[in-house]
1. Among the aspartates and glutamates, select those whose C-alpha is under 13 Å from the C-alpha of residue 314, and discard any that sit fewer than 8 residues away in the same chain.
2. Roughly speaking, to the nearest percent, how much of the stretch 61-296's 1.4 Å accessible area is carbon and sulfur?
3. Which order do 82, 373, 239 take by accessible area at a 1.4 Å probe, largest first?
4. Got a number for the accessible area of residue 12? Probe 1.4 Å, square angstrom, nearest 10.
5. Quick check: pseudo-label points 7 Å beyond the Cα along Cα→Cβ at residue 324 and residue 296, how many nm apart are they?
6. Beyond a 29 Å Cα-Cα separation, which of these cross-linked pairs lie in this structure: 247/365; 105/179; 15/169; 179/295; 247/395; 179/335?
7. Determine, from the Cβ-Cβ distance of residue 5 and residue 25 and an R0 of 30 Å, the FRET efficiency 1/(1 + (r/R0)^6), rounded to the nearest 0.05.
8. Say each of residue 312 and residue 73 gets a label point 7 Å from the Cα, pointing the same way as Cα to Cβ; how far apart are those two points in nm?
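The values are calculated or read from the model by the stated rules, or taken from the named source; none is laboratory data. A quick note: this is a predicted structure, and the numbers were derived from the prediction, not measured. Cβ placement follows ideal geometry from the backbone for every residue including glycine, while neighbour counts extend to all protein chains displayed. We work out accessible area using only protein heavy atoms, side chains counted, and drop any ligands, DNA or RNA first. Shrake-Rupley method; radii C 1.70, N 1.55, O 1.52, S 1.80 Å.
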Amino acid sequence: MDFDAMFDAQLDALKEEGNYRIFAELERQCGQFPRARSHDDDAPDQVTVWCSNDYLGMGQHPVVRQAMKDAVDACGTGAGGTRNISGTAHHHLVLERELADLHGKQAALLFTSGYVSNWAALSTLGSRLPDAVILSDALNHASMIEGIRHSRAQKVIWRHNDPEDLDRKLSALPANAPKIVAFESVYSMDGDISPMAEIVEVAEKHGAMTYLDEVHAVGLYGPRGGGVSEDLGLADRITLIEGTLGKAYGCMGGYVTGSASLCDFIRSFASGFIFTTALPPAVAAAATASIRHLKVSQSERRQQRAQVAQLRAKLDARGIPHMDNPSHIIPVMIKDPVKCRMLADILMHDWGIYVQPINYPTVPKGTERLRFTPGPLHSDADIDHLVAALTTLWKQCALAHAVA
Ligand SMILES: Cc1ncc(COP(=O)(O)O)c(C=O)c1O
């Protein structure tokens, strides 16, 4: 069997569709974010990163770096085991307490990534609760979809951000079946925010538990960075809040928070928690420092919002179409995978602007886009440079100026 030929045939098909992924080889430059060194031959040596999920630049924050360095010097590098077998460090428990406090919950449980936390928690809940039904928003992240699929529980998909559809679908289920309503706060590709109060109300009416992914909101929304649920005063009505340490907190790892019984249940039954090496203590220490900082400091969030508003206004002034949404995510719609790649290449090579083209399967075909995430460390000059580049390209490519 020529396995390589089989692999290559499928890769060739991806390339033909324009959906083959090419990674930019970058070296983040601590202290200079959002600048990064580029190792690509045909790009400038230094580029400005416009698509990072290190939304607030916490990955280079002195307090976070120092916490990680101190913990490495104190404890070494790896955790040395699974949480069960020698790998639970004091740092993990300190972080779990910090996370429980962040969301006003009794307990929290750490995972090696946000992806793993969704996958493990949903697959455990769906498989272990007898006759459970999981009601999943149509645009939920792949990690939730995979977790639900793995649980083999009955799955019902409700229309994106549509509480009325959720209500109808819940009404059609047996009253005594355990129901889990799974949704996100900020949807990362369109940047829209769910109608959380209405969803919670519907779930409560049907006695369903709520499972909320706040991955693109923690650190960014709410007076202490507790996410949209904190901002809206709804955290205590959500059964489980899930998040990441890898985006606004600038580190790595994922978590769930909820009641002590819920977290103990997942801790005790989730294979994605049990059978894997724990996060390095230094990562936990850095994440704790980052969360503590953002519980108090408003300056990063404030400056991020100012730069988001500025970029939106300048794009509007030049007639460059971008999706209207209430979040920090600015998708500029291209609607063609080949053009999307081409524009990203020109931005990188000619302008030193790095933005990854977002193509299928991350977004549906025909909705390809460039997704910009302005942060507090993008200067006004960075924004002007980006807008000048996009304006030039828009004219060159004669793309439609109609707002998508
Ligand atoms: C909505 C959502 N949930 C979960 C994840 C996974 O988080 P992590 O990157 O920490 O694995 C992502 C990743 O982008 C996401 O967009």
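1. Result set, ordered by chain and number: 380, 382, 384.
2. On the way: 5050 of 9260 Å².
Summing carbon and sulfur atoms, their accessible area is 55 percent of the total for the stretch 61-296.
3. Details: 82 30, 373 5, 239 50 Å².
Result of the area sort, largest leading: 239, 82, 373.
4. Rounded to the nearest 10, the figure is 80 Å².
5. My value for the distance between the label points is 4.1 nm.
6. Details: 247/365 26 Å; 105/179 21 Å; 15/169 39 Å; 179/295 33 Å; 247/395 34 Å; 179/335 37 Å.
Pairs exceeding the cut-off: 15/169; 179/295; 247/395; 179/335.
7. Numbers: r = 28 Å, r/R0 = 0.92.
That pair, residue 5 with residue 25, gives E of 0.65.
8. Taking the simple label geometry, residue 312 and residue 73 are separated by 4.4 nm.
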